[in-house]
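First up is the structure itself, then whatever we jot down about it.
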């Protein structure tokens with residue numbers, strides 16, 4: 001089965017963002033991946049609600065919004081209004097994760113939870129049945145262009161076992177250091193969704209790279 005491909009606009013040229021959106025619209029990509037960073041949870045600041053709203057006005061595919069922020073509960077309704085179709089929060093930022101996940105679901109969005117590279121997959125045992133997606137960070141979050149952490153393959157396989165064991169329908173998304181070379185390994189380990197930033201927007205032909213990511217990952 002082919003994986004879903006979610007190009008990360010964090011790696012696009014922000015001076016030509018409309019052009020990047022159009023490239024994704026016309027490609028075989030499935031989602032837009034939007035990284036929202038607050039400079040507190042991660043050491044970087046990306047963009048906020050006005051930019052998400054502008055992207056939604058041009059996007060012809062779902063918005064996969066990844067909140068790398070503290071107190072994400074405060075912004076669930078706002079990101080819904082801005083057009084998020086899937087909203088992912090970090091396990092590390094949610095004191096009451098079950099409540100946060102159900103707030104997202106009640107706002108009529110798909111709900112995801114993300115784990116940093118050091119956070120044990122087993123901690124999702126009690127929430128895995130409630131989420132639509134688990135995002136495995138295969139780099140330390142905050143910046144694009146980082147090198148893939150090889151141990152992530154083991155974590156993906158472990159997560160797949162947890163999903164099957166609990167009869168969950170959660171998709172496994174992987175973000176960080178994804179290339180044409182390691183994409184097949186990720187899918188073999190159990191990944192359903194590949195977030196590709198530099199691999200797509202750093203290539204001479206982004207649409208061809210997206211197409212190749214799907215082909216290489218069969």
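The values are calculated or read from the model by the stated rules, or taken from the named source; none is laboratory data. What you are looking at is a predicted structure, and each value in this text was computed from that prediction instead of being measured. A quick note on method: Cβ atoms are made from the backbone with ideal geometry, for glycine too, and the neighbour counts reach across all protein chains shown.
Taking residue 43 and the conditions (1) under 25 Å from residue 96 (Cα atoms); (2) within 17 Å of the chain's Cα centre (by Cα); (3) modelled with pLDDT under 95, which numbered condition does it fall short on, given that it satisfies the others?
(2)
From the list 197, 190, 112, 176, which residue is at positive phi and under 14 Å from the mean Cα position of the chain (by Cα)?
After applying the criteria, what remains is 176.
If residue 2 meets every condition in (1) modelled with pLDDT of 95 or more; (2) farther than 16 Å from residue 175 by Cβ; (3) not in a helix (DSSP H, G or I) apart from one, which number is that one?
(1)
Any idea which of (1) free of Cβ contacts under 8 Å to residues at least 12 places away in the same chain; (2) under 15 Å from residue 131 (Cα atoms) is the one residue 19 doesn't satisfy?
(2)
Counting only residues that are over 15 Å from residue 110 (Cα atoms), give me the strands (runs of 3 or more DSSP E) lying completely in the stretch 6-99 with at least 2 of them.
32-37
Taking the conditions exactly as written (in contact with a strand residue (DSSP E or B) (Cβ under 8 Å, 6 or more places away or on another chain) and surrounded by fewer than 23 Cβ atoms within 10 Å (Cβ to Cβ)), does residue 42 satisfy them or not?
Against the criterion (in contact with a strand residue (DSSP E or B) (Cβ under 8 Å, 6 or more places away or on another chain) and surrounded by fewer than 23 Cβ atoms within 10 Å (Cβ to Cβ)), residue 42 qualifies.
Is it the case that residue 124 is under 18 Å from residue 190 (Cα atoms), more than 14 Å from the chain's Cα centre (by Cα) and at pLDDT 95 or above?
yes
Is it true that some residue in the stretch 154-167 is touching a residue at least 12 places away in the same chain (Cβ under 8 Å), within 17 Å of the chain's Cα centre (by Cα) and closer than 11 Å to residue 117 by Cβ?
yes
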